Amino acid sequence: MSDAGVVHYETKFDLAESPISENGAWHHAGVDWTKVDTEDGNAVGTQLLGVNRSGPTAYDDSYAYLSGFPADQRATAVVHLGTIDGSCTHEVEIILRWADSDHSARGYECNVAWDGSYAQIVRWNGAVGDYTYLDENGSVPGGIHDGDIVSASAIGNTITLSVNGTVRATATDATFTDGNPGVGFWRGMSGCGTRGDYGFTSFEADSVP
């Protein structure tokens, strides 16, 4: 919804949808990436489980994004963390300034590993598997817990990723000056774990005046 120039959207993922739509609010056009579903009050990724993947196509993250936001934007999501198979990576992601088409997805990915071992800001350049680390040195000491709050913002050329109000990664980049916020999920090359083991229970996005 929008009020006096401020753009705001929030959801608790109450609907069971495959893929997420919420009356057309969410979008995903890229055919080289997987989509986001909602079930049991969570937004979850839909990458194939138990399949070894390699090369660029291993980065077929699940994502969905909103529309109608200006360049300066922020988003916040609450983590659902279930039982994790630690033999592969699991990420939740807030995406910013996102845009896509059949074979292009670009914008800024702000991710957090399930165990807090890394917190990163990554620029997607378009083609599947084409990405640039902007800050790959962040972490969350003590790990991530069910109910933790992940937030990210893009204001001017500064992208910031925080967990529970503490900044964990920052970057400066002027590549993209438009696009929209959303959510994403990725699990490692082996596709280990179970569907919905690491997701979001709610999401909120706002324009920044």
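Does at least one position in the stretch 165-176 carry a residue that is open to solvent by less than 10 Å² (accessible area, probe 1.4 Å), within 22 Å of residue 29 (Cβ to Cβ) and modelled with pLDDT of 95 or more? The answer is no; no qualifying residue exists.
Anything in the stretch 56-93 that is closer than 17 Å to residue 178 by Cβ and aliphatic (A, V, I, L, M)? List them, or say none. The answer is 66, 71, 75. The strands (runs of 3 or more DSSP E) found entirely in the stretch 1-92 that carry 3 or more residues being closer than 21 Å to residue 112 by Cα are 36-39, 42-45, 62-65, 73-81. When the stretch 140-163 is filtered for residues that are of a type in the set (Asp, Glu) and either outside any loop (DSSP other than H, G, I, E, B) or closer than 19 Å to residue 74 by Cβ (or both), only 148 remains. Looking only at the stretch 101-158, residues that are open to solvent by less than 50 Å² (accessible area, probe 1.4 Å) and over 28 Å from residue 31 (Cβ atoms) come to 14 in all. If the condition is being free of Cβ contacts under 8 Å to residues at least 40 places away in the same chain and farther than 28 Å from residue 70 by Cα, then the stretch 117-156 contributes 117, 118, 137, 139, 140, 141, 142, 143. Remark: pairs (first residue in the stretch 11-40, under 25 Å from residue 53 (Cα atoms) and exposed (fewer than 15 other Cβ atoms within 10 Å of the Cβ); second residue aliphatic (A, V, I, L, M) and modelled with pLDDT of 95 or more; Cβ separation under 7 Å; 6+ apart in sequence or on different chains) are absent. With respect to residue 165, determine if the residue is in contact (Cβ under 8 Å) with a residue 12 or more places away in the chain, closer than 21 Å to residue 84 by Cα and over 15 Å from the mean Cα position of the chain (by Cα). When the stated conditions are applied, residue 165 does not pass them. When each of 83, 57, 76 is tested for being of a type in the set (Ser, Thr, Tyr), modelled with pLDDT of 95 or more and farther than 15 Å from residue 202 by Cα, the lone residue that passes is 83.
The values are calculated or read from the model by the stated rules, or taken from the named source; none is laboratory data. Since the structure is predicted, the reported quantities are computational estimates derived from the model, not experimental observations. Here Cβ is always computed from backbone atoms with ideal geometry, including for glycine, and neighbour counts include all displayed protein chains. We work out accessible area using only protein heavy atoms, side chains counted, and drop any ligands, DNA or RNA first. Shrake-Rupley method; radii C 1.70, N 1.55, O 1.52, S 1.80 Å.
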